[in-house]
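See below for the structure under consideration.
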Amino acid sequence: MSILKVARLGNPVLRRVAENLPPDQLSSPLLQKLIDDMIDTMREYDGVGLAAVQVHEPKQVAVLEVADNPRYPQKARVPLSVLINPKITPVSEEMEEDWEGCLSVTELRGKVPRYKSIRVQALARDGKELDFVASGFHARVIQHEWDHLNGKVFLDRMSDLSTLTHLQEFARYWAEK
Ligand code: NI
């Protein structure tokens, strides 16, 4: 297992649009190792998701998992999943705002509007086709990672920056009691 270095805001790799992976490359041991290392890296830093661009690999791969996360307590669990070449379609135009942070935007958190419910089409790490509807925090995490794969970070999606807060001030003034 390897913990990978996470690119921080300002690194141009975060602004690149990641390349689609041809399905016949999914079985490559290098790609499978990258996925394993991304999972280890996400868990090491208490992330709920990680996109390959964040570990300097501009490929359409994201991992996510929500399980007793100290950075996001009280959020519904999401089992470990790997999304390759994901496409998302809003199920309705309904949006909601909630707090987001990012391992590439350290020490900051802000409120971001996201679609409440989305259809997700992607490949799993074994090449199986996935097609499901995600809602709530699950949908939020997928939209956040999908943005990374398209060169965007959550700051770009904030309707304004007035809720942007450092983590210490978040805990002091804004955390759900
Ligand atoms: Ni992020």
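All of the numbers you see were taken from the coordinates with simple rules; none came from a lab. Keep in mind that what you see is a predicted model, and the values were worked out from it rather than measured. A quick note on method: Cβ atoms are made from the backbone with ideal geometry, for glycine too, and the neighbour counts reach across all protein chains shown.
Scan the stretch 76-177 for GluC sites (Glu not before Pro) in coil per DSSP, keeping those whose Cβ has at most 14 other Cβ atoms within 10 Å, and list them by number.
Details: sites: Glu93, Glu94, Glu96, Glu97, Glu100, Glu107, Glu129, Glu145, Glu169, Glu176; in loops: Glu93, Glu94, Glu176.
Here the sparse-neighbourhood loop sites are Glu93, Glu94, Glu176.
Give, rounded to the nearest 20 debye, the magnitude of the charge dipole that the chain has about its Cα centre when Lys and Arg contribute +1 at Cβ and Asp and Glu contribute -1 at Cβ.
Details: 23 positive and 26 negative charges, 35 e Å.
Here the chain has a charge dipole of around 160 debye.
Compute the distance from the alpha-carbon center of the stretch 4-35 to that of the stretch 50-80, in whole Å.
Comparing the Cα centres of the stretch 4-35 and the stretch 50-80, I get a distance of 14 Å.
Expected output is a single nm value to one decimal: the length gained when fully extending between Arg119 and His56, i.e. 0.36 nm times separation in residues minus the C-alpha distance. What is it?
Values: separation 63, 0.36 × 63 = 22.68 nm, distance 2.73 nm.
Length gained between Arg119 and His56: 19.9 nm.
Once the Cβ-Cβ distance between Arg71 and Glu169 is put in as r, and R0 is 22 Å, what FRET efficiency do you end up with, to the nearest 0.05? Provide the component values of the computation, followed by the final result.
Numbers: r = 15 Å, r/R0 = 0.69.
E between Arg71 and Glu169, to the nearest 0.05, is 0.90.
Put +1 on the Cβ of every Lys and Arg and -1 on every Asp and Glu Cβ in the stretch 12-174; which of Gln168, Thr89, Pro73 then has its Cα farthest towards the positive end of the dipole?
Of the candidates, Thr89 comes out farthest on the positive side.
³J(HN,Hα) across the stretch 56-62 via Karplus (A = 6.51, B = -1.76, C = 1.60, θ = phi - 60°), whole Hz, x for Gly/Pro?
Along the stretch 56-62, the couplings run 6, 10, x, 10, 7, 9, 9 Hz.
Restricting to DSSP loop positions (anything but H, G, I, E, B) with no more than 13 other Cβ atoms inside 10 Å of their own Cβ, which trypsin sites (Lys or Arg not before Pro) remain in the stretch 73-120? Display every interim value, and only then the final one.
On the way: sites: Lys75, Arg77, Lys87, Arg109, Lys111, Arg114, Lys116, Arg119; in loops: Lys75, Arg77, Lys116.
Passing both the DSSP loop test and the Cβ count: Arg77.
Work out how much length Asp46 to Lys5 would gain on full extension: take 0.36 nm times their residue separation and subtract the Cα-Cα distance, in nm to one decimal. Display every interim value, and only then the final one.
Details: separation 41, 0.36 × 41 = 14.76 nm, distance 1.42 nm.
Full extension of this stretch gives 13.3 nm more.
Let me make sure I get this right: for the chain, a, b and c are the square roots of the gyration tensor eigenvalues over alpha carbons, sorted descending. Under 1.5 in a/c it's rounded, otherwise prolate if a/b > b/c, else oblate. Which is it? Show your work: numbers first, answer last.
Working: a/c = 1.64, a/b = 1.36, b/c = 1.20.
Prolate, because a/c is 1.5 or more and a/b exceeds b/c.
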